[in-house]
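Step one of this worksheet: look at the structure below.
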Amino acid sequence: MLIRDVELEGNAGRDVRVGADGRISEIGRGLAGTADVDGRGGALLPGLHDHHIHLTALAANASSVRVGPADVRGPDGLRAALRRGPPGRWVRAVGYHESVAGDLDRSVLDALVTDRPVRVQHRSGVMWFLNTAALRAAGLDGDGRLWREDERLRRLVPPVRLDLTGLGRRAARFGVTGFTNADPCPAPGLRRTLSVLPQRLTVMGLDSPVKIMLDDVTLPAPGDLAARVRAVRPRPVAVHCVTGVQLLVTLLAVEEAGPVAGDRVEHGAVIQEEAVPWIRRLGLTVVTQPHFPVERGRQYADEVHPDDRAHLYRCRSLAEAGVPVAAGTDAPYGTDDPWAVMRAAVQREDGESVSREAALRLFLGAPERPARPRRLTVGSVADLCLLHVPLREALHVLSADTVRATYVAGRPITP
């Protein structure tokens, strides 16, 4: 494939040839041959990589009812949303937050819906709420609150249709050529299930790094966590840290076990200032969600402890301190549009905003080195994002509307 007249790293009028092996074989001006693609002066970038996403949960959204704060309001709105399905058929609802209608459990859901099994997932992804009909259908009992029971529920509830084809097409329109799936316990056959996606795939746990989940209520001692880390060495780990105490235990454990290249902190939701130089010294990469303080600003203002509000989802301060930083959408628990994440990273008003160039770089790293932006050079894999416009214009708007075509190994994947 020959792509003619693109802007490459600020240089206009370049031609790029891709060989049969899916790698860039030649870059120059006026390359011989008939162009397969006229770039019309648009920027040619490495394809975007979403460094933290939950693909099957996102694919299941097409078969789910949205019940988040932006979708429904109050108990009446929640009742109406949950009653959209036929009586007797399972309803799967996602995105719930207490600001919609308070805390949920079996009795609260029964007051809303009794003629069909209903399961509602909390926005955080850690909790499911089931009504009595759902509990009976699944052979369960209790108050209807199932915390981190996804693996068990998969065996007890009807399978959900996964629109992976639609997911892959939508991501291609964003310029995404790769995903790092961040499920804590990959389901059996997950790689085969996801193989229909046209993007490249890294599955935590099956590939490096190995995901380690932490929760405050079951938080291990630093020495115990260090033993878990040592057990998977020499593979790097990606430790889920959404509270300050989880981060502290992680840093102590990695210090004891000894860091290796590729170790990551996932989310870094609360990073106290004194932890920043420690993270840098250990060489950890923080894969964060800089859009959450923008998407969830109102809820965070009400729910986050005042002592933590100044330390939420650091981005700029980490980069300025020399800590490697990359981003993942965390979809479906956040937007799946990397460009929306970039805009939010630029628009933050808490001192953590970054430049437009830095926001784009958050998604340009390789899966094994998320914070090191890839470059398009002779010999590099032709995972490409071709824009309609030069980079300067694209950075001004940071919108997926500027994406013209997406290629994996030189093969177009854009619908």
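The values are calculated or read from the model by the stated rules, or taken from the named source; none is laboratory data. From a predicted model like this one, the values you see are computed outputs, not experimental measurements. Cβ: placed from backbone, ideal geometry, glycine included. Neighbour counts: every protein chain shown.
Table for the structure above
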quantity: Residue that is buried (at least 20 other Cβ atoms within 10 Å of the Cβ), out of contact with any His (no Cβ under 7 Å at 6 or more places or on another chain) and assigned by TED's automatic domain parsing to the domain that holds Cys385, where the choices are Arg4, Arg29, Arg40; calculated: Arg4
quantity: Ser380 being of a type in the set (S, T, N, Q), modelled with pLDDT of 95 or more and assigned by TED's automatic domain parsing to the domain that holds Gly22; calculated: yes
quantity: The stretch 157-182, subset of a type outside the set (Ser, Thr, Tyr) and surrounded by fewer than 15 Cβ atoms within 10 Å (Cβ to Cβ), residue farthest from Ala327 (Cα to Cα); calculated: Pro158
quantity: Among residues of the stretch 148-186, those that are outside the structural domain of Pro332 (by TED's automatic domain parsing) and in contact with a Cys (Cβ under 8 Å, 6 or more places away or on another chain), counted; calculated: 2
quantity: Which listed residue, of Gln299, Gln272, is surrounded by 14 or more Cβ atoms within 10 Å (Cβ to Cβ), under 21 Å from Gly351 (Cβ atoms) and at pLDDT 95 or above; calculated: Gln272
quantity: Residues located in the stretch 14-37, provided they are touching a residue at least 60 places away in the same chain (Cβ under 8 Å) and part of a strand (DSSP E or B); calculated: Val16, Val18, Arg23, Ile24, Ser25, Glu26, Ile27, Val37
quantity: In the stretch 350-374, the residues that are among the charged types (D, E, K, R) and either without any contact (Cβ under 8 Å) to a residue 40 or more places away in the chain or in contact with a His (Cβ under 8 Å, 6 or more places away or on another chain) (or both); calculated: Arg356, Glu357, Arg361
quantity: Subset of the stretch 204-241 that is surrounded by fewer than 18 Cβ atoms within 10 Å (Cβ to Cβ) and hydrophobic (A, V, I, L, M, F, W, C) - its residue that is nearest to Phe292 (Cα to Cα); calculated: Met213
quantity: Test: Tyr407 is in contact with an Asp or Glu (Cβ under 8 Å, 6 or more places away or on another chain) and surrounded by 19 or more Cβ atoms within 10 Å (Cβ to Cβ); calculated: yes
quantity: Criterion (among the polar types (S, T, N, Q), touching a residue at least 40 places away in the same chain (Cβ under 8 Å) and crowded, with 16+ Cβ neighbours inside 10 Å) met by exactly one of Thr335, Thr377; calculated: Thr335
quantity: Residue among Leu360, Leu376, Leu386 that is over 19 Å from Leu201 (Cβ atoms), in a loop (DSSP other than H, G, I, E, B) and aliphatic (A, V, I, L, M); calculated: Leu376
quantity: Test set (1) part of a loop (DSSP other than H, G, I, E, B); (2) over 23 Å from the mean Cα position of the chain (by Cα) - Ala226 fails condition number; calculated: (1)
quantity: Within the stretch 335-352, tally of residues that are within 21 Å of Ala57 (Cβ to Cβ), among the acidic types (Asp, Glu) and in contact with a strand residue (DSSP E or B) (Cβ under 9 Å, 6 or more places away or on another chain); calculated: 1
quantity: All helices (runs of 4 or more DSSP H) inside the stretch 38-116 with 3 or more residues being in contact (Cβ under 8 Å) with a residue 40 or more places away in the chain; calculated: 55-60
quantity: Residue identified as in contact with a helix residue (DSSP H, G or I) (Cβ under 8 Å, 6 or more places away or on another chain), assigned to a loop (DSSP other than H, G, I, E, B), of a type in the set (S, T, N, Q) and not assigned by TED's automatic domain parsing to the domain that holds Val265 among Thr414, Thr335; calculated: Thr414
quantity: Residue in the stretch 194-206 that is part of a loop (DSSP other than H, G, I, E, B), among the polar types (S, T, N, Q), in contact (Cβ under 8 Å) with a residue 40 or more places away in the chain and touching a helix residue (DSSP H, G or I) at 6+ places or on another chain (Cβ under 9 Å) present; calculated: yes
quantity: Of all residues in the stretch 7-26 being of a type in the set (A, V, I, L, M) and closer than 12 Å to Gly410 by Cβ, the one that is surrounded by the most Cβ atoms within 10 Å (Cβ to Cβ); calculated: Val16
